[in-house]
Every structure is written in C-alpha cells, then in structure tokens.
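A short write-up of the structure that comes next.
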Amino acid sequence: MNLFKQKSISSLIEEANQQGEGTLKRTIGPWGLIMLGIGAIIGAGLFSITGMAAANYAGPAVTISFVIAGLGCVFAGLCYAEFASMIPLAGSAYTYSYATMGELFAWIIGWDLVLEYAVAASTVAISWSKYFQKFFLNFGITLPHELTASPSEGGYLNLPAVFIVVLVTLILARGMKESTKTTSIIVGLKLFVVFAFIILGWNYMNPANQEPYFIENTGKFGEYGWSGIIRAAAVVFFAYIGFDAVSTAAQETINPKKNMPIGILGSLLICTVLYLLFAHVLTGLAHYTEFKGQDGIAPVGVAISHTPYKWLNQFIIFAILAGYMSVILVLLMGQSRVFYSMAKDGLLPSVFSEVHKKFHTPFKSNMIIMVFVCLFSAFVPAEIVGEMTSIGTLFAFVLVCFGVIYMRYKMPNAPRGFKTPFVPLVPILGILTCFGMMVFLPGETWLRLIIWLSIGLVIYFVYGIKNSKIQNQK
C-alpha cells in the first residue's frame, strides 16, 4: 500500500473530458467565473476588518497590508491558474495535490479545505443573521431573540442563519447556470455600494488623517511599524479568502484551459484594486484611532459620519447581506465539488458524487452539507473561525505553490493552457508570503489546525485508504 500514490495526468484529463449522465455540466464562461470570484472575495470582511486592522496594527499603512496579502494571493493565484488549465477538474487543490504529492497529501488538503468552505460558510451564515437583525432594527422591528441566537447566547436556535443556508443550497442544487446568474446580480449590488463609498467619500478625505502614513512601532511586536503591517496583512487576508473556490468550478466551465486563469486572476485583480481604494478612502475620512473598539460595520459608519451621506450606512448593511449570500453560495459550491472529487476517488462514500439527472449537480452532497452547516449555524456561536479559515487557506496555498515547482520538474512537457511566469521564483514567493502570514497568526490557531488535521487522518486510515480506488487498482 503506497500512501503517496499519485493519479496520472492522463487519467485526470480523461476524467475531465467525460460527458453525459453522472457528470457535471459545462455552463460557465469567463465572466461567470469572474463573478463567482468577486462574489466569494468581497464580503463583510472588507467593511469590518479594514478599520480594525488600521486601528490596531497598521494605521493608514493598512493599504500596504492589502498589497502584501494581495501579492500572496496573486502568487498563489498564478499557480492555481496553471493547475486549473492543466487539470480542469472540480477538486481544486485536492486534485492538484493528488497529481503531485500523492494520496495522503491529497486527503490532508481535502480535509483542510473543509475549514475554508463548510466551516466558514457556517460562520458567514451566523454573521448574515446578525446583519439581518440590524437591518430590521433600523426600521424599528425587533426580531425574537429566541429564534435569532444559539443556546449559548440565550436563544433556542438561529433561524435566519438556517434560512439563508437552505435558500442558497436550493439555488446551488438547481445548477451552476442559475447560481452564476444569482451571483452576478448580487455582485452588481455589492459593487455599486463599494463604488458609492469610494466615489462619494473621496471628496471628503482629510489628508491630515493619513499623516504620518507609517506609524512607528510602539515597542510591542505587531503594534504598528513593519511587524504591525505584516500582522495586519495576515488579518486582512481573510477578506481575500474564496478566490480559490473558482477553481472548484473547473469541471463546469466552458473551455477551462482558457477561462479558468481569466476567472481566477481577473477576480483577484479587480478586488485588490477595490480593496486598496476602499482602505485609502476609509483612513482618509477618519483618523485610524477613531476605529478602535469598533466592530461589525461600525468602522465604515464612523467614516461615513464625516460625510453628508448618512443614508449610505443602511445601503452598506444591505450590501453586506447580499455580499454574505454570494460568499455562502460560492463556499458551499466549493465544498460540494471537493467532496464530489474525493468521493469519485473512493475516499468518501459515493453519495457525495451522485449527480442529479436533470440539473447535473451533486445535489445529495449539497443536501448533506446543508444539514451539517445548518446545525452548526443554528446552535453554535461564531468564534475564532476567521483565524482557522485563514490558516487552512494559507496552508492550501503553500501546497499548491509547491506543487507547481514539483510538476515543472517532474512533467516539464505536460500540456498547460496557462503557465505560471518566472518559475520557480513566483511559487517560492507565494510559499514565503503565505507561510510568513501563517507565522504571524496566534499559536492557538496552529494548535487547532493540527487537531483538525489529526481528526482527518483518523478518518482517512479508518475509511479512506480501505476504499481508495487507486489503492485497490491491480
């Protein structure tokens, strides 16, 4: 039994070219992929994390933090783009690891992606519920606490969180064409509000708020100075999470060799530019010290209070609700597609790879994931999952960057629709940047990652390795 047995590129390409009953349907073009990427990337993190990172770590230089986090994503995105054009399958980093480092690493990365997708979707659903309540509260309507909070928060269950997960899952189950249409509409609403904040706020910026631009370190590691800027980069990295979920739609993409790189890199580029402009306007409207102790949308509310456009606050809450919905949609899509690939390989029960005859989606996997995400959303409070999601994603990025170097050495002549430039420099920079941000995360986050991966290894050795198709090949 070989724990590091790899799937051949030829078998993966053959699987990617399969059509007909039992396979995923190719309906997504380049614009749909870009919308999926933006839909996953721009969430409430932009409105809340930016102010917090500026106040506690970087000051006005939080824009540099966004550049550092964005560079890490671009380096990883270039590597994802090469793999997605080379192996256009639904499994994302899981499938890429299977082809490069073997089954054990593939399982580890597949299990790791649960942190990024399913667990993060639950957390986002809980936050959606809080903003849903805030939206109605601004109209004088108070929703019952018993039905909008978990038992640990004095309620019975978080019903709005369950509602949004069920709604998004039903949209997903009907097919990727419908899902991308919904995402495109939501993304349009989000972008409208982001552009409105940038354009309307630009004329009311006070240059004095950004002087000095670079705040001297307080003498404590991570509080301003370069250590603070890098720590802020690790924190704002959460606002970028989700672009890699685009790669899970490879098997449902028209001409994936051409369109996957456009979707991954296009969405990253657009969001990075918007993040830089947003952070610049935010710290220009209000002094970074005004954001201390703020949470939710409060940092943006503080900034807007320096303009005559107080009404924009309610539109931002609406944008957050829409933004969270598209984030949940892409995260749940990503999770079901990773499980689809793992089940096709025998590492998970076959129910996760069953495809609906009419809609050509892994609907049973969607429903099973929905149940678990709903249970978590209804009864568990959202805590510490942001850092867990960040470290899990960064770990996946490190492995994908390493995989590109490995494949260039092992299979230099394999067909590639897109080639990562300046190999091995770009992948090495991706590894260093992403691992560097991991180092700046708290120690307990590393401990939780180790515990999570240990649970996954137990499942692999109890079930996965015995049912693995590649291990049972004669």
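The values are calculated or read from the model by the stated rules, or taken from the named source; none is laboratory data. Since we're looking at a predicted model, the values are computed, not measured. As a convention, Cβ positions derive from the backbone with ideal geometry for all residues, glycine included, and neighbour counts pool all protein chains shown. Side chains are part of the model used for accessible areas, which takes the heavy atoms of the whole protein and leaves out ligands, DNA and RNA. Shrake-Rupley method; radii C 1.70, N 1.55, O 1.52, S 1.80 Å.
Could you count how many residues in segment 416-454 are open to solvent by less than 80 Å² (accessible area, probe 1.4 Å) and either of a type outside the set (V, I, T) or out of contact with any Asp or Glu (no Cβ under 7 Å at 6 or more places or on another chain) (or both)? The qualifying residues number 27. Among helices (runs of 4 or more DSSP H) entirely within segment 1-95, having at least 2 residues that are in contact with a Gly (Cβ under 6 Å, 6 or more places away or on another chain) and at pLDDT 80 or above singles out 30-41, 62-86.
The residues listed here are F278, F315; of these, the one that is modelled with pLDDT of 85 or more, closer than 13 Å to F47 by Cβ and not charged (D, E, K, R) is F278.
Can you find even one residue in segment 110-124 that is out of contact with any helix residue (DSSP H, G or I) (no Cβ under 6 Å at 6 or more places or on another chain), open to solvent by 10 Å² or more (accessible area, probe 1.4 Å) and under 23 Å from V355 (Cβ atoms)? Checked segment 110-124: at least one residue is out of contact with any helix residue (DSSP H, G or I) (no Cβ under 6 Å at 6 or more places or on another chain), open to solvent by 10 Å² or more (accessible area, probe 1.4 Å) and under 23 Å from V355 (Cβ atoms).
Restricting attention to segment 245-266, the residues that are open to solvent by less than 40 Å² (accessible area, probe 1.4 Å), within 18 Å of T27 (Cβ to Cβ) and not aliphatic (A, V, I, L, M) total 8. Only one entry of F163, F221, F139 meets the criterion of being at pLDDT 90 or above, open to solvent by 70 Å² or more (accessible area, probe 1.4 Å) and over 18 Å from the mean Cα position of the chain (by Cα), and that entry is F163.
Every residue, every condition in (1) of a type in the set (S, T, N, Q); (2) open to solvent by less than 20 Å² (accessible area, probe 1.4 Å); (3) closer than 24 Å to I28 by Cα, yes or no:
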position	(1), (2), (3)
V62	no, yes, no
G70	no, yes, no
I87	no, yes, yes
Y98	no, yes, no
I108	no, no, no
K130	no, no, no
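For segment 323-340, a residue qualifies if it is open to solvent by less than 10 Å² (accessible area, probe 1.4 Å) and more than 14 Å from A121 (Cα to Cα), and the qualifying residues are R337, V338, Y340.
If the condition is being in a loop (DSSP other than H, G, I, E, B) and acidic (D, E), then segment 253-306 contributes only D295. Could you check segment 175-201 and list, in sequence order, the residues that are part of a helix (DSSP H, G or I), under 22 Å from G242 (Cα atoms), open to solvent by less than 10 Å² (accessible area, probe 1.4 Å) and not polar (S, T, N, Q)? Passing the criteria: M176, V187, K190, V193, V194. Residues of segment 224-241 that are of a type outside the set (A, V, I, L, M, F, W, C) and open to solvent by 50 Å² or more (accessible area, probe 1.4 Å): R231 alone. Taking the criterion of being open to solvent by 50 Å² or more (accessible area, probe 1.4 Å), under 16 Å from S377 (Cβ atoms) and in contact with a helix residue (DSSP H, G or I) (Cβ under 7 Å, 6 or more places away or on another chain), the residues of segment 144-157 that qualify are L147, P151, Y156. You will find that of T361, T283, the residue that is within 27 Å of T253 (Cβ to Cβ) and of a type in the set (V, I, T) is T361 and no other.
Assess whether L172 counts as being open to solvent by 10 Å² or more (accessible area, probe 1.4 Å) and of a type outside the set (S, T, N, Q). So L172 fails the test.
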